[in-house]
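Visitor: Could you have a look at this structure, given as structure tokens, before my questions?
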Amino acid sequence: SASHEAGLSVAALRRSGPVGVDIMRITPAFDWQAVARDYLGTQAVRRIALQPEPKQPLAFAREWTRMEASLKCLGLALQEWSPALAPRLKGCRLMELDLPAGLCGTVAWR
């Protein structure tokens with residue numbers, strides 16, 4: 001699995017099963033609410049909204065990269081969140097990547 005942002009590319013390889021990786025640049029002025037409702041689901045929206053406003057862009061990026069990495073791990077295309085998708089996503093284990101400031105990333109595996 002691979003993911004790219006300006007100035008950085010990451011790849012994840014796993015011999016014993018599927019893996020997905022995603023990175024994202026944290027955008028402070030991003031209006032995340034509508035995208036989060038459609039793609040991340042109500043629980044993720046709540047987790048983001050509970051953060052102080054200055055930390056919400058980072059919280060959104062964490063939720064987004066978790067979703068994208070999990071979808072890649074499952075071999076699925078980007079899609080809107082649904083109750084039917086939730087149990088499949090929970091089958092992935094997640095680890096946040098240690099990336100340069102301004103970037104967020106996650107690797108997912110089963």
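Visitor: Near Cys73, within a Cβ-to-Cβ distance under 11 Å, what is the net charge of the other residues, with Lys and Arg +1 and Asp and Glu -1? Kindly include the intermediate steps, with their values, before the conclusion.
Guide: Working: positive: Arg14, Arg66, Lys72, Arg88, Arg93, Arg110; negative: Asp22, Glu68.
Every neighbour counted, the sum reads +4.
Visitor: Here's a follow-up. Between beta-carbons, use under 15 Å as the cut-off and find the net charge around Ala108, counting Lys and Arg +1, Asp and Glu -1.
Guide: Numbers: positive: Arg14, Arg62, Arg66, Lys72, Arg88, Lys90, Arg93, Arg110; negative: Asp22, Glu63, Glu68, Glu96.
So the surrounding residues net to +4.
Visitor: Please get the size of the charge dipole for region 9-74, origin at its Cα centre, with Cβ charges of +1 on Lys and Arg and -1 on Asp and Glu, quoted in debye to the nearest 20. Show your work: numbers first, answer last.
Guide: Details: 10 positive and 6 negative charges, 62 e Å.
I would put it at about 300 debye.
Visitor: As a test of the formula, what do you get for the chain when each DSSP H run with n ≥ 4 contributes -39,500 (n - 2.57) and the sum is divided by the residue count, at 222 nm and rounded to the nearest 500 deg cm²/dmol? Don't skip to the answer; put the middle values down first.
Guide: Numbers: 4 runs with 38 residues, N = 110.
Computed mean residue ellipticity for the chain: -10000 deg cm²/dmol.
Visitor: To the nearest 20 Debye, how big is the dipole of the chain about its Cα centre, given +1 on the beta carbon of each Lys and Arg and -1 on that of each Asp and Glu? Don't skip to the answer; put the middle values down first.
Guide: Numbers: 14 positive and 10 negative charges, 104 e Å.
Taking the Cα centre of the chain as origin, the dipole is about 500 debye.
Visitor: For Leu8 paired with Gln33, estimate the spin-label separation in nm (one decimal), with each label point 7 Å from Cα along the Cα-to-Cβ line.
Guide: 2.9
Visitor: Suppose the chain between Asp98 and Lys55 were pulled fully straight at 0.36 nm per residue; how much longer would it get relative to their current alpha carbon spacing? Intermediate values should be presented prior to the final figure.
Guide: On the way: separation 43, 0.36 × 43 = 15.48 nm, distance 1.74 nm.
Stretched fully, the Asp98-Lys55 segment lengthens by 13.7 nm.
Visitor: Enter the Cα centre distance for the pair region 10-52 and region 60-110, rounded to the nearest angstrom.
Guide: Distance between centres, Cα-based: 6 Å.
Visitor: Another question, then. Using Cα pairs closer than 8 Å and at least 6 residues apart in sequence, work out the relative contact order for the chain, in percent.
Guide: Working: 188 pairs, mean separation 36.6, N = 110.
This gives 33 percent for the chain.
Visitor: By per-residue mean of other Cβ atoms within 10 Å, what is the highest-first order of 75-83, 13-21?
Guide: Working: 75-83: 10.3, 13-21: 13.9.
Output ranking for 75-83, 13-21: 13-21, 75-83.
Visitor: What does the charge count around Arg14 come to, taking other residues whose C-beta lies under 12 Å from its C-beta (Lys +1, Arg +1, Asp -1, Glu -1)? Intermediate values should be presented prior to the final figure.
Guide: Working: positive: Arg15, Lys72, Arg93, Arg110; negative: none.
That works out to +4.
Coordinate-derived values only; no laboratory data. Since the model is a prediction, treat every value here as computed from it, not as a measurement. With ideal geometry, Cβ positions are generated from the backbone for all residues, glycine too; neighbour counts draw on all protein chains shown.
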